[in-house]
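Report on the following structure.
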Amino acid sequence: MADTLLIGHGTVFTLGPSGRVIPNGGVLIEGDTIVDVGPSEALAKRATQVIDARGRLIMPGLICAHHHLYSTFACGIAGEPAHNFVEVLEKLWWKLDRALDLEDVYYSALIPLARCIRSGTTTIIDHHASPNAIAGSLGRIGDAVTEAGIRASLCYEVTDRNGLAGAQAGLDESAAWLERCGSGGMLHGLVGVHAAMTVGEETLKSCVELARKYDTGLHIHVAESNADQEDSLSKYGKRVIARLDDMGGLGPKTLAIHCVHVDDDEIERLAKSGTVVVHNPQSNMNNAVGCAAVPQLLERGIPVCLGTDGMTSNMLEEARASLFIRHHVAEDPATGFGETVQMLFDHNAALATACFGKTLGVLEKGAAADVIVMDYTPFTPATADNAYGHLLFGAAAERVDTTVCAGKVLMREGKLETLDVARFAREALDRTPQTWTRFQAQ
């Protein structure tokens, strides 16, 4: 009998198309795959190991469609006040990314990766930048991801803002990473582009060609603020999405991040190309750039996913922000729930499944064994009709007890099993004063 792990004796929310709720249910795992989902009593007879959920919620691991692990060392940093989005970039993020060395890259990844595990996020799509430590940077993040045990799609942010040599170094790092993770598994690659406003025609063309060569897509910030559109119109006589479309950069494997300031023609181009849009509500509020017209994007059939832009690793927290900002913008408390559910639980799952070639975001036979136990025992009836209400207004207020990714236990009863966070935090604390000194010297 093969070794099998039962995560059982809990209330199972399978999510996905079937959307079942199974009282006293369980998930049976063999290797990195779910082999059965159903009543715990029946599954227990086939299990060699058991994690007892003790009546609490069992659900699929969560997925983040846009993260910035490198942003970690901004926590507590002293900087000049920024009064618009471009100043946010110039006074904070472009100073921080230039201050990072390769070991900073590694440690700034480990901290949020631990937070991913603690919040039940088992898959992330990350966008990285470290202009003075480009070569090997994705490899160091990949090392951290492998230590943590989650899935990650990584890319390096190609940009002309540090000169053409810097852009070429970014392309070279991207190619090296795509070669490394080309065989599949827990790591994946996209071709990162900072934004249209920081790449010229030749660099953008090179990014598109590289993505085609490796049969992947772009991962690019799009119209996060009007500055992106103003730059594109003044330099190229066209809006950002038109520029990307004309260059061949749109398509179902490309992630267009934010899309806050897009017009009807751009929405039509996104829809026709099948490009994925990623909404990041907490970041948009923090940067005061506005809020994407998610309902209109969804109505046109655009797959809109949910990311955090590095603000958090907790996807239930981000989902609540998505819901509440929609209430606020629409001045209607009846809107936003369905779109939030669709983004986080349907579209994020479809995106991650396409990236990793394994069914993610659902508990069903044959799916990836990415399972979490929330420290949440339903205290009102839980059914397929109200499961998402329990997640956003019940489970979101509680901690994650256990996190399993690809059949490996990463956290059990609130204790991390793959990362020594206390040690990493001490070592990061030894490094960050020098990093901050480089930041302030710019």
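The values are calculated or read from the model by the stated rules, or taken from the named source; none is laboratory data. Just so you know, these numbers come straight off a predicted model, no measurement behind them. In this analysis, Cβ positions are derived from the backbone assuming ideal geometry, glycine residues included, and neighbour counts consider all displayed protein chains.
Summary table
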read-out: Number of the exception - GLU209 against (1) in a helix (DSSP H, G or I); (2) in contact (Cβ under 8 Å) with a residue 12 or more places away in the chain; value: (2)
read-out: The listed residue being under 23 Å from the mean Cα position of the chain (by Cα), farther than 18 Å from GLY357 by Cβ and aliphatic (A, V, I, L, M), out of ALA169, ALA211, ALA195; value: ALA195
read-out: Which listed residue is of a type in the set (A, V, I, L, M, F, W, C) and more than 22 Å from ILE150 (Cβ to Cβ), from PHE85, PHE73; value: PHE85
read-out: Contacts under 8 angstrom Cβ, first residue in the stretch 255-266 being within 15 Å of PRO295 (Cα to Cα) and in the same structural domain as ARG300 (by TED's automatic domain parsing), partner of a type in the set (Asp, Glu) and surrounded by fewer than 24 Cβ atoms within 10 Å (Cβ to Cβ), 6 or more apart; value: CYS259/GLU266
read-out: Candidates LEU298, LEU306, filtered to the one that is crowded, with 22+ Cβ neighbours inside 10 Å and among the aliphatic types (A, V, I, L, M); value: LEU306
read-out: Restricting the stretch 417-442 to residues that are touching a residue at least 60 places away in the same chain (Cβ under 8 Å) and either in contact with a Lys or Arg (Cβ under 7 Å, 6 or more places away or on another chain) or among the acidic types (Asp, Glu) (or both), the residue that is nearest to GLY120 (Cα to Cα); value: GLU427
read-out: Among residues of the stretch 83-96, those that are more than 19 Å from the chain's Cα centre (by Cα) and without any contact (Cβ under 8 Å) to a residue 40 or more places away in the chain, counted; value: 6
read-out: Residue in the stretch 176-194 that is part of a helix (DSSP H, G or I) and of a type in the set (Phe, Trp, Tyr) present; value: yes
read-out: Leading residue by the ranking (surrounded by the most Cβ atoms within 10 Å (Cβ to Cβ)) among those in the stretch 1-33 that are among the β-branched types (Val, Ile, Thr) and assigned to a strand (DSSP E or B); value: VAL27
read-out: Strands (runs of 3 or more DSSP E) lying entirely in the stretch 34-82 (those with 3 or more residues that are in contact with a Gly (Cβ under 7 Å, 6 or more places away or on another chain) and touching a residue at least 60 places away in the same chain (Cβ under 8 Å)); value: 57-60, 62-67
read-out: Residue count, the stretch 133-186 (criterion: touching a strand residue (DSSP E or B) at 6+ places or on another chain (Cβ under 8 Å), modelled with pLDDT of 95 or more and buried (at least 16 other Cβ atoms within 10 Å of the Cβ)); value: 27
read-out: Checking THR308 against (1) in contact with a helix residue (DSSP H, G or I) (Cβ under 6 Å, 6 or more places away or on another chain); (2) not in a loop (DSSP other than H, G, I, E, B), the condition it does not meet; value: (2)
read-out: Residue under evaluation GLY163, criteria (1) within 26 Å of GLY357 (Cβ to Cβ); (2) free of Cβ contacts under 8 Å to residues at least 60 places away in the same chain, criterion not met; value: (1)
read-out: Residue within the stretch 312-330 that is part of a loop (DSSP other than H, G, I, E, B), in the same structural domain as GLY251 (by TED's automatic domain parsing), aliphatic (A, V, I, L, M) and buried (at least 17 other Cβ atoms within 10 Å of the Cβ) present; value: no
read-out: Selection within the stretch 89-122 - in a helix (DSSP H, G or I) and in contact with a Lys or Arg (Cβ under 8 Å, 6 or more places away or on another chain); value: TRP94, ARG98, ALA99, LEU102, GLU103, ASP104, VAL105, TYR106, TYR107, ALA109, ARG118
read-out: Condition check for LEU363: touching a Phe, Trp or Tyr at 6+ places or on another chain (Cβ under 9 Å), assigned to a loop (DSSP other than H, G, I, E, B) and touching a residue at least 60 places away in the same chain (Cβ under 8 Å); value: yes
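This table checks each residue for (1) modelled with pLDDT under 95; (2) farther than 30 Å from SER108 by Cα; (3) among the acidic types (Asp, Glu).
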{"residue": "ASN287", "(1), (2), (3)": "no, no, no"}
{"residue": "LEU316", "(1), (2), (3)": "no, no, no"}
{"residue": "LEU323", "(1), (2), (3)": "no, no, no"}
{"residue": "HIS327", "(1), (2), (3)": "no, yes, no"}
{"residue": "ASP332", "(1), (2), (3)": "no, yes, yes"}
{"residue": "LEU351", "(1), (2), (3)": "no, no, no"}
